[in-house]
Amino acid sequence: MENELQNLFKYSRDAVLCVKDGRVLFANSSAAELFGSDLSGESASKHLPAHLLGANAGSFVSCADIIGRPCTVAAVQWKKALVLTFQPESQPRAKTDFLSDGLIASMMSALCNIGFAMDLISERLEKKDAESRRCASIVYHNYYTLKHLIGNMSTTLAFDAGTAAFLPRSTDLARLCSELVSTSELMLKGKARINFSTDRGELIANVDPDLIERLVLNLLANSGRHTPPDGQITLGLKSGQGKAVISVDDTGSGIPPQILKNVFTGYKMSLGSSLTRQPSGGLGLGICRGIAEMHGGSIIIESREGIGTSVRVLLPLDGSTFAQHTASPIPSMENILTEFSDILTSSDYARELMD
C-alpha cells in the first residue's frame with residue numbers, strides 16, 4: 001500500500017497524508033513541507049483536527065488550520081485508510097479577489113430589472129390593478145436579490161478583515177431550527193420539501209443566533225436550488241462528544257468533484273461554473289464556513305453527482321460560557337426573503353406579503 005501511495009503522490013505538488021489505524025502511514029514531500037517535518041509513523045491526532053479524522057463519509061471536503069495556515073482539505077476513504085489532500089489558501093487575500101464578471105453581471109441585471117419595473121409602476125400608480133401588483137412584486141424580488149448579493153459581498157469582506165460582528169448568547173438550537181423549517185416550508189411551498197429531524201426537545205448552545213439562522217437558511221437555499229420539488233431536504237440536529245451537529249441532507253443533483261474542491265472559496269471558481277452563475281455569486285458556502293469557524297466549529301461537505309449532498313456543521317457546546325438570557329429563536333422573514341431570493345419567484349413577493 002505504501003508503494004502505491006508513493007507512486008501516486010510522491011511528486012504531487014499538493015500535500016498528501018494517508019492515515020490508517022490512527023497513525024500517519026504516508027506523507028509526501030509537499031506534506032512534509034506544509035507540516036514542517038515528515039509525519040510518517042506519528043499519531044494522526046497530534047497533527048490533525050478531530051473533525052477530519054472522525055468524519056463518517058466516504059469522501060468529503062472541509063477546512064482546517066495546519067500550522068496556523070488555513071487549508072481546504074479533500075479526503076477519501078481508500079483501502080480502509082483515509083487519504084487527505086491539503087490545499088493551503090493564500091493569506092492574506094486581496095479584498096476584491098472574490099469579485100467576478102459573473103457576480104457583477106448578476107448585480108447589474110438585478111438593478112436593470114428594478115429600474116424597468118419601477119418605470120412600469122410609475123405609469124400605473126393610479127390604477128389599482130393586477131398589473132400594478134405584478135410590477136411591484138418584480139421590484140421586491142429584485143430588491144431582495146440585490147440585497148442578498150451585497151450582503152454576501154459585505155460579509156465576505158468582513159471575514160477577510162476580521163471585523164465580522166459576533167454576539168453569542170444562550171440559544172435553543174432545537175427551537176430555532178424547528179421554526180426555520182416551518183417558515184421556510186411555508187415560503188417554498190411547491191418548490192421544495194423540507195423535514196426537520198432531531199431527537200432533542202431542547203439543545204442550548206452559546207451561539208450567535210443571527211449567524212446560525214443565516215447559516216441554516218443558506219444551506220437550505222443551496223439544497224433548494226439543486227433539489228427538484230419531488231426531492232427531499234432534511235435539516236437535522238443532534239449532539240454528541242461535546243458538539244452540536246447541524247446537518248442538511250438533500251436528494252438533489254449533487255456537486256461535481258471539480259467544483260466541490262473549491263466550494264469554500266467560490267470567488268475563485270471558474271466563471272463557467274454553475275455555482276458562480278447563481279445569484280448568490282458562489283459565496284454562500286464560504287460564508288457558512290466563516291460562521292462555523294467564528295464559533296470554533298467546522299464544516300464538512302459530502303456530495304455525489306445525481307445522488308445528493310450532505311453538509312455537517314459541528315459547533316462546540318460549552319455550558320460554562322452561556323449568557324444569562326436565552327435568545328428568541330423566532331426567524332426573521334426579512335432574512336428568509338433575502339436568502340431564498342434566487343429560489344422564490346417574483347409572484348412570491350406580492351405586495352400583500354410585504355405588508
Worksheet item: Would you call residue 30 exposed (fewer than 15 other Cβ atoms within 10 Å of the Cβ), modelled with pLDDT of 90 or more and either farther than 18 Å from residue 309 by Cβ or β-branched (Val, Ile, Thr) (or both)?
Response: no
Worksheet entry | Residue, modelled with the highest pLDDT, within region 280-311, restricted to residues that are of a type outside the set (A, V, I, L, M), surrounded by 24 or more Cβ atoms within 10 Å (Cβ to Cβ) and over 23 Å from residue 158 (Cβ atoms) | 309
Discussion item. Which count do you get for residues in region 312-343 that are modelled with pLDDT of 70 or more and not hydrophobic (A, V, I, L, M, F, W, C)?
Written reply: 11
Discussion item. Could you go through region 71-85 and let me know if any residue there is without any contact (Cβ under 8 Å) to a residue 12 or more places away in the chain and not in a strand (DSSP E or B).
Written reply: no
Worksheet item: Pairs under 9 Å by beta carbon, first residue under 19 Å from residue 63 (Cβ atoms) and in the same structural domain as residue 74 (by TED's automatic domain parsing) in region 33-49, partner part of a helix (DSSP H, G or I) and among the hydrophobic types (A, V, I, L, M, F, W, C), six or more apart or different chains?
Response: 44/52; 44/53; 45/53; 47/35
Discussion item. Could you tell me how many of the residues in region 54-81 are buried (at least 18 other Cβ atoms within 10 Å of the Cβ), touching a Phe, Trp or Tyr at 6+ places or on another chain (Cβ under 9 Å) and not small (Gly, Ala, Ser)?
Written reply: 6
Discussion item. Whether any residue in region 189-198 is touching a Lys or Arg at 6+ places or on another chain (Cβ under 8 Å) and either at pLDDT 95 or above or over 21 Å from residue 332 (Cα atoms) (or both) is what I want to check.
Written reply: yes
Worksheet, complete the sentence: Checked region 122-175 for anything touching a Lys or Arg at 6+ places or on another chain (Cβ under 6 Å) and at pLDDT 90 or above; matches are 174
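Residue-by-condition table, conditions (1) closer than 26 Å to residue 313 by Cα; (2) touching a His at 6+ places or on another chain (Cβ under 8 Å); (3) modelled with pLDDT of 90 or more:
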site	(1), (2), (3)
38	no, no, yes
44	yes, no, yes
50	yes, no, yes
68	yes, no, no
80	yes, no, no
92	yes, no, no
98	yes, no, no
104	no, no, no
107	no, no, no
Worksheet, complete the sentence: (1) among the aliphatic types (A, V, I, L, M); (2) more than 13 Å from the chain's Cα centre (by Cα); (3) closer than 26 Å to residue 333 by Cα all hold for residue 215 apart from (2)
Discussion item. Go through region 10-20 and report how many residues are hydrophobic (A, V, I, L, M, F, W, C) and more than 20 Å from residue 89 (Cβ to Cβ).
Written reply: 2
Fill in: Search result, residues across region 1-26 that are of a type in the set (A, V, I, L, M, F, W, C) and in a loop (DSSP other than H, G, I, E, B)
1
Worksheet item: Condition test on residue 215, is it crowded, with 20+ Cβ neighbours inside 10 Å, assigned by TED's automatic domain parsing to the domain that holds residue 317 and modelled with pLDDT of 95 or more?
Response: yes
Fill in: Scope region 153-174; condition more than 19 Å from the chain's Cα centre (by Cα) and surrounded by fewer than 18 Cβ atoms within 10 Å (Cβ to Cβ); matching residues
161, 163, 167, 169, 170
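The values are calculated or read from the model by the stated rules, or taken from the named source; none is laboratory data. As the structure is a computational prediction, the values presented were derived from the model and not from experiment. Glycine gets a Cβ as well: all are built from the backbone with ideal geometry, and neighbour counts include every protein chain shown.
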